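Here's the structure we're looking at; comments come further down.
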Amino acid sequence: MGYKVPFVNPGKNYAMIKEEIDAAYFEVMQKGDLIDREQLKRFERNLAAFVGTKYAVGLNSGYDALHLSLRAAGLGSGDEVVVPAHTFVATASAVVNVGAKPVLVDVGKDFNLDPEKIEEAVTPRTRGLIPVHLNGYMADMVRIMEIAHRHRLVVVEDACQSLGSSMLGKKAGAWGLTGCWSFYPFKILGGYGDAGAITTNDPDVALFARRMRYNGEDRQTGEYHGHGFTCLLDNLQAAFLDIKLRKLPQWIVRRREIAARYRAGLGDIPDLTLPHYGDPRRDHIYQNYVVRAKQGKAFSEYLQENGVEVLTQFRKPYYQHQALKLEDRGFPETEALSREVCSLPMNVEITDAEADYVIEVVRGFYE
Ligand SMILES: *Cc1c(COP(=O)(O)O)cnc(C)c1O
């Protein structure tokens, strides 16, 4: 179905930066720079500088970033790790796949871990805490770090949706032992396939990830330092991502413009809650513009039928999928927002006129 306003438009995005992307492609291809070359190192330096950490290590995906972070922290069998009940499933799967147990905690109105509820879930076995900065807005890291210090928990930030956002001027991904990044095509910094990274200030963690992404091998000496994995960020993707990273600050400005436009056009509808949280310490980079519509499914279906492509993540919370064998202790906020969520088109490709059309359709639903 052809939408009047598609949710994303990767072809149009490519057209915006075609010259630079094509030049990078030809350079990489002609030199044969495919694995762990200068383009990857440059992207890692620039990513670390952007986030404000000493190191960045390019990986194959956000999942790998979470997985290697948990391994670097030595978490495994017998350990419990607190994760939000409302997140992408990979956050919990990484915990399960290192042999530890995810302990789910409900989220607050900002879709992020509710600091009030974390300590109820902490037991003598709890060793890790994974705050997720969902949709482009950070979890309250001031309170979360306080709780983590009090209980000596390792903090791994799932920052996959929040590159560029900050709290008190300190960026997402610079607070915990690691920040985990995904450059999946539809993330705010999206590659042309799977990609990810870890950021960290800890030299041992950076070294561990560098070896483990390459089957445990130290590439200088050839020594294997453990049974590793194959999850190195492709050099070609790194070259593309480096170009897009330079555009990111101006792209965030554009996303904020669209968010302001939605707010001006939709802020007065009582049954619709917009993602503006009013905490002056935290800024939103609008990876996603997720509204909560009391009318739930009828609302998102109406938008789709009227040419606005939307995403409804996640209607069915991940812990309700039987095969995952996770404990559903009842998470009222997660359940409520799962019924109501609807992501409006939010990307740098859409025009003001398209955003206005989205506003018109949404208003049409309520009239
Ligand atoms: C995208 C995402 C991931 C996983 O990233 P991949 O690169 O797809 O493995 C993990 N957590 C969150 C919150 C995400 O949005």
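Things worth noting here:
- Applying the criterion of being in a helix (DSSP H, G or I) and of a type in the set (Lys, Arg) to the residues of region 313-367, the residue that is most open to solvent (accessible area, probe 1.4 Å) is ARG339.
- Unique residue being over 26 Å from GLY173 (Cα atoms), part of a loop (DSSP other than H, G, I, E, B) and at pLDDT 95 or above when the list is PRO270, PRO280: PRO270
- Meets criteria (farther than 19 Å from ARG71 by Cβ and not in a helix (DSSP H, G or I)) for LYS187: yes
- All of GLY176, GLY226 fail the test of being part of a loop (DSSP other than H, G, I, E, B) and either more than 16 Å from the ligand (Cβ to nearest atom) or at pLDDT below 95 (or both), apart from GLY226.
- Screening region 46-66 for residues that are assigned to a helix (DSSP H, G or I) and either aromatic (Phe, Trp, Tyr) or within 9 Å of the ligand (Cβ to nearest atom) (or both) and picking the one that is surrounded by the fewest Cβ atoms within 10 Å (Cβ to Cβ) gives PHE50.
- Positions within region 70-94 being away from the ligand (no atom under 12 Å from the Cβ), touching a helix residue (DSSP H, G or I) at 6+ places or on another chain (Cβ under 9 Å) and free of Cβ contacts under 8 Å to residues at least 40 places away in the same chain, in sequence order: GLY76
- For region 296-312, residues that are in a loop (DSSP other than H, G, I, E, B) and in contact with a Lys or Arg (Cβ under 7 Å, 6 or more places away or on another chain) total 1.
- Within region 98-116, tally of residues that are under 20 Å from LEU66 (Cβ atoms), more than 17 Å from the chain's Cα centre (by Cα) and assigned to a loop (DSSP other than H, G, I, E, B): 3
- Residues of region 127-136 that are more than 11 Å from the ligand (Cβ to nearest atom) and open to solvent by less than 10 Å² (accessible area, probe 1.4 Å): GLY128, LEU129.
- The numbered conditions (1) more than 10 Å from the ligand (Cβ to nearest atom); (2) within 18 Å of ARG255 (Cα to Cα) are all true for PHE186 except (1).
- The single condition among (1) out of contact with any strand residue (DSSP E or B) (no Cβ under 6 Å at 6 or more places or on another chain); (2) under 23 Å from SER166 (Cα atoms); (3) surrounded by fewer than 24 Cβ atoms within 10 Å (Cβ to Cβ) that SER77 does not meet is (2).
- Complete set of residues in region 1-45 that are open to solvent by less than 30 Å² (accessible area, probe 1.4 Å) and part of a helix (DSSP H, G or I): ASN13, ILE17, ILE21, ALA24, VAL28, GLN39, LEU40, PHE43, GLU44
The values are calculated or read from the model by the stated rules, or taken from the named source; none is laboratory data. It should be emphasised that the depicted structure is a prediction, and the values quoted were computed from it without experimental measurement. Cβ atoms come from the backbone with ideal geometry, glycine included; neighbour counts cover every protein chain shown. Side chains included, ligands, DNA and RNA excluded: accessible areas come from the protein's heavy atoms. Shrake-Rupley method; radii C 1.70, N 1.55, O 1.52, S 1.80 Å.
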